[in-house]
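Chemist: Input: one structure, supplied below.
The values are calculated or read from the model by the stated rules, or taken from the named source; none is laboratory data. As the structure is a prediction and not an experimental result, all values here were calculated from the model. Positions of Cβ are generated from backbone atoms using ideal geometry, with glycine treated the same way; all protein chains shown enter the neighbour counts. Just the protein is used for accessible areas: all its heavy atoms, side chains included, with ligands, DNA and RNA removed. Shrake-Rupley method; radii C 1.70, N 1.55, O 1.52, S 1.80 Å.
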Amino acid sequence: MYEKELIIRKLPPRLANQIAAGEVVERPASVLKELIENSLDANASQISITCKSGGSQLIRVEDNGIGIPESELNNALDRHSTSKISNLDDLSRIKTMGFRGEALASIASVSRFSLTSAVSGSQGAKIIVNGRDMQTEVEPAPHPKGTTVNVEDLFFNTPARRKFLRTEKTEFRHLDTVFVQQCLSRFDVGFKFIYHNREIHSVEECKSKTEKLYRVGKLFGQAFLDASLSIDSNAVGLSLSGWIGRPTFNRSQADLQIFFVNGRLIRDRNLTHAIRLAFKDVLFHGRYPAYVLYLLVAPSEVDVNVHPAKSEVRFLNQRLVQDFIRRTIEKVLSDDLPNSNSSTNIFKSTDSFASGKKFNPMLNQFPINDSLQQKHSVAFLFQLAERTRVYPDGLEGEKQYLLPLGHAIAQFLGIYILAETSDGLVIVDMHAAHERIYYEKLKKDFNQGNINSQRLLVPLNIEVSEAEATVAEDAEDLLAQCGIQLIRRSTNSLFLESVPTLLEHSDCEQLIKDILSDLKHGYSTDRLNDVTNHLLSTIACRSSVRAGRRLTKIEMDCLLRELENTQRGNQCNHGRPTWIKIPISKLDNLFLRGK
Ligand code: ADP
Ligand code: MG
């Protein structure tokens with residue numbers, strides 16, 4: 001294979017660095033990330049970024065941090081040279097963003113690079129890299145306390161890399177994303193981003209909570225902020241804070257998801273999964289939640305050195321962390337009951353929902369109502385009234401207006417309930433609301449092991465395919481726990497012996513067929529919790545009031561009261577809102593009142 005004698009030689013420094021750069025510097029945005037992190041590590045309180053042509057022509061980062069003494073400039077550019085750690089123990093209590101000592105060496109090896117810096121009381125000096133062996137040149141250069149790194153013509157000497165660059169616009173988007181992420185990582189630092197002489201972003205140091213919120217709104221969008229729930233929780237030595245978008249503010253992509261672990265931006269499949277699980281019950285399949293979250297963990301409990309770009313971490317106790325995150329978010333979501341704080345925002349968040357990507361139209365095709373089911377639903381609503389003991393007509397004047405969802409005034413097209421509050425009009429999607437109420441009730445009953453079930457007078461014979469019969473047989477126990485007694489009778493027939501009381505009068509045969517088809521298509525029993533929830537959700541959907549059915553005022557009011565007290569009541573099982581509110585101010589606007 002070798003034409004000459006085999007010779008093993010040391011790579012010239014620049015080539016060695018260029019190879020290392022393959023891991024650290026994927027694209028201009030990765031350069032920006034490393035440079036900003038260095039500025040943050042240097043205690044800067046103000047960082048300004050200037051870029052041109054998607055960053056491939058110019059990336060400049062200026063900071064007012066501690067600076068680098070002239071005598072250290074050469075060391076800063078050496079590979080594996082860092083001021084941040086000196087032994088292995090340091091690595092387990094790391095507080096800085098950097099520690100690998102590779103970024104500057106890597107970046108300098110694939111660009112025309114210079115760094116100018118001054119420490120307090122010094123004049124300032126500049127180091128320029130040139131030549132294929134990374135020879136450097138240091139010259140005096142006036143600079144205020146702090147550091148400016150200038151990276152031009154990225155990948156000019158690595159054409160293979162350069163070819164991988166996308167369009168200027170795409171690279172700009174990546175730069176912008178990194179900038180926004182960094183701004184959200186440190187509220188105590190001011191940031192500015194200038195692109196081709198235009199100021200794209202500028203955010204000031206934040207001192208108060210209000211200023212922080214303002215920054216989030218500015219960078220992540222006011223719509224997110226309006227639809228967000230704030231999180232602040234400490235337990236088991238962990239702390240989680242930040243904001244999550246309400247389920248009705250969801251995205252078609254995972255583009256508004258930011259997660260920091262000890263200030264470090266992390267992309268971790270397990271963490272993302274934990275968050276998805278928390279949203280599972282309230283988000284339509286295929287949609288993504290939005291969040292900015294901050295997890296604090298004792299540095300000794302987390303290994304940050306598992307990825308060259310430091311974007312992954314490993315936790316000593318992965319399970320504990322995941323459970324903590326999931327539980328915390330689940331709680332915040334389920335405690336988000338309709339109330340005066342959330343209601344005014346709902347209108348806006350639903351706005352963005354409506355303008356967002358369209359949902360599966362199938363969801364709106366509710367089966368036609370059958371009269372038996374109507375009768376049943378009426379009975380149920382009266383039961384609710386008994387239980388909640390809120391007879392709206394029995395409440396005198398003012399009190400009615402304290403109810404978050406107000407009191408019913410009419411039913412609209414058999415689909416919506418219109419309700420009046422002191423400051424607006426509430427519109428409730430009857431079916432969606434009812435479905436959520438039932439679903440939460442079923443889950444609660446299921447967890448307590450007592451879903452009310454009713455024996456059919458005569459078992460219902462259901463003809464199915466052989467495969468479906470097998471599925472039913474395998475899922476027999478689970479179905480029984482959900483209140484469905486389904487026995488295999490022959491190769492392709494089943495006996496339905498009992499059903500959940502809620503379902504008593506529904507079209508049970510159709511429901512069973514739906515369930516079997518779901519079970520057949522991918523709901524494997526090793527994900528039991530998913531299967532159960534899906535089952536319960538199907539039952540809830542089947543048994544709730546259908547569009548088109550007339551409700552009395554008492555029934556409507558009962559539904560409103562029940563919804564106010566239902567966990568996750570703001571959205572149906574598919575993540576659509578159950579209700580919206582149009583504030584009176586908005587109505588006044590529409591009618592040009594007071595103008
Ligand atoms: P690391 O950040 O992992 O230490 P880098 O290659 O990014 O490695 O930087 C090398 C060293 O250069 C840092 O440890 C730090 O001492 C110094 N340095 C880099 N950027 C700055 C800056 N903006 N201000 C002050 N010192 C810096
Ligand atoms: Mg660094």
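Chemist: Quick check on segment 217-235. Is at least one of its residues modelled with pLDDT of 90 or more and over 20 Å from the mean Cα position of the chain (by Cα)?
Modeler: yes
Chemist: Kindly check whether there is at least one residue in segment 131-151 that is small (G, A, S), open to solvent by 70 Å² or more (accessible area, probe 1.4 Å), outside any strand (DSSP E or B) and over 21 Å from R60 (Cβ atoms).
Modeler: For segment 131-151, residues small (G, A, S), open to solvent by 70 Å² or more (accessible area, probe 1.4 Å), outside any strand (DSSP E or B) and over 21 Å from R60 (Cβ atoms): absent.
Chemist: Right, next: Residue under question is A44, and the condition is that it be closer than 20 Å to I194 by Cα, crowded, with 19+ Cβ neighbours inside 10 Å, of a type in the set (A, V, I, L, M, F, W, C) and within 9 Å of ligand 1 (Cβ to nearest atom); does it hold? Working first, answer last.
Modeler: Details: closer than 20 Å to I194 by Cα: yes; crowded, with 19+ Cβ neighbours inside 10 Å: yes; of a type in the set (A, V, I, L, M, F, W, C): yes; within 9 Å of ligand 1 (Cβ to nearest atom): yes.
Answer is yes for this residue.
Chemist: State yes or no: is S56 of a type in the set (G, A, S), without any contact (Cβ under 8 Å) to a residue 12 or more places away in the chain, open to solvent by 10 Å² or more (accessible area, probe 1.4 Å) and away from ligand 2 (no atom under 13 Å from the Cβ)?
Modeler: Judged against the criteria, S56 is not a match.
Chemist: I need a count of the residues in segment 250-276 that are open to solvent by 40 Å² or more (accessible area, probe 1.4 Å) and within 30 Å of A432 (Cα to Cα).
Modeler: Qualifying residue count, segment 250-276: 8.
Chemist: List the residue pairs whose Cβ atoms are under 8 Å apart, where the first residue sits in segment 451-463 and is without any contact (Cβ under 8 Å) to a residue 40 or more places away in the chain, the second is open to solvent by 100 Å² or more (accessible area, probe 1.4 Å), and the two are 6 or more positions apart or on different chains.
Modeler: Within 8 Å, the pairs are N461/R489.
Chemist: Could you go through segment 230-245 and let me know if any residue there is open to solvent by 20 Å² or more (accessible area, probe 1.4 Å) and without any contact (Cβ under 8 Å) to a residue 12 or more places away in the chain.
Modeler: Among the residues of segment 230-245, at least one is open to solvent by 20 Å² or more (accessible area, probe 1.4 Å) and without any contact (Cβ under 8 Å) to a residue 12 or more places away in the chain, which makes the answer yes.
Chemist: Shifting gears a bit: Does A29 count as open to solvent by less than 40 Å² (accessible area, probe 1.4 Å) and away from ligand 2 (no atom under 16 Å from the Cβ)? So that I can check it myself, show each step before the final result.
Modeler: Numbers: open to solvent by less than 40 Å² (accessible area, probe 1.4 Å): yes; away from ligand 2 (no atom under 16 Å from the Cβ): no.
No; evaluated as a whole, the condition is false for this residue.
Chemist: Report, by residue number, each residue of segment 172-206 that is more than 17 Å from L40 (Cα to Cα) and in a loop (DSSP other than H, G, I, E, B).
Modeler: H196, N197
Chemist: To continue, here is another question. Given the criteria surrounded by 19 or more Cβ atoms within 10 Å (Cβ to Cβ) and either of a type in the set (S, T, N, Q) or farther than 20 Å from L536 by Cβ (or both), does A469 qualify? Working first, answer last.
Modeler: Numbers: surrounded by 19 or more Cβ atoms within 10 Å (Cβ to Cβ): yes; either of a type in the set (S, T, N, Q) or farther than 20 Å from L536 by Cβ (or both): yes.
So A469 passes the test.
Chemist: Is at least one residue of segment 279-299 on the phi > 0 side of the Ramachandran plot, modelled with pLDDT under 90 and either small (G, A, S) or in contact with a strand residue (DSSP E or B) (Cβ under 7 Å, 6 or more places away or on another chain) (or both)? Don't jump to the end; show me each part of the working.
Modeler: As a first pass, look at segment 279-299 and keep what is on the phi > 0 side of the Ramachandran plot: 286.
Remaining after also requiring modelled with pLDDT under 90: 286.
Pick out the ones that are also either small (G, A, S) or in contact with a strand residue (DSSP E or B) (Cβ under 7 Å, 6 or more places away or on another chain) (or both) and you get 286.
Yes, the conditions are met somewhere in segment 279-299.
Chemist: Would you tally the residues in segment 406-443 being of a type in the set (K, R) and either open to solvent by 40 Å² or more (accessible area, probe 1.4 Å) or under 16 Å from I580 (Cα atoms) (or both)? Spell out how you get there, then give the answer.
Modeler: We begin by selecting, within segment 406-443, every residue of a type in the set (K, R); these are 436, 441, 443.
Now drop any that are not either open to solvent by 40 Å² or more (accessible area, probe 1.4 Å) or under 16 Å from I580 (Cα atoms) (or both), which leaves 436, 441.
Count: 2.
Chemist: Another question about this same structure. List the residue pairs whose Cβ atoms are under 8 Å apart, where the first residue sits in segment 94-117 and is away from ligand 2 (no atom under 14 Å from the Cβ), the second is among the aromatic types (F, W, Y) and open to solvent by less than 10 Å² (accessible area, probe 1.4 Å), and the two are 6 or more positions apart or on different chains.
Modeler: V110/F155; S111/F155
Chemist: Quick one: how many residues across segment 193-229 are within 27 Å of S53 (Cβ to Cβ) and surrounded by 18 or more Cβ atoms within 10 Å (Cβ to Cβ)? Before you say what the answer is, go through the steps one by one.
Modeler: First, pick out the residues of segment 193-229 that are within 27 Å of S53 (Cβ to Cβ): 193-203, 218-221.
In the following step, the residues that additionally are surrounded by 18 or more Cβ atoms within 10 Å (Cβ to Cβ) were identified as 193, 195, 203, 219-220.
Number of matching residues: 5.
Chemist: Which one is farthest from ligand 1 (Cβ to nearest atom) among residues in segment 69-107 that are farther than 18 Å from V297 by Cα, under 36 Å from the mean Cα position of the chain (by Cα) and among the small types (G, A, S)?
Modeler: Checked segment 69-107; the qualifying residue farthest from ligand 1 (Cβ to nearest atom) is S106.
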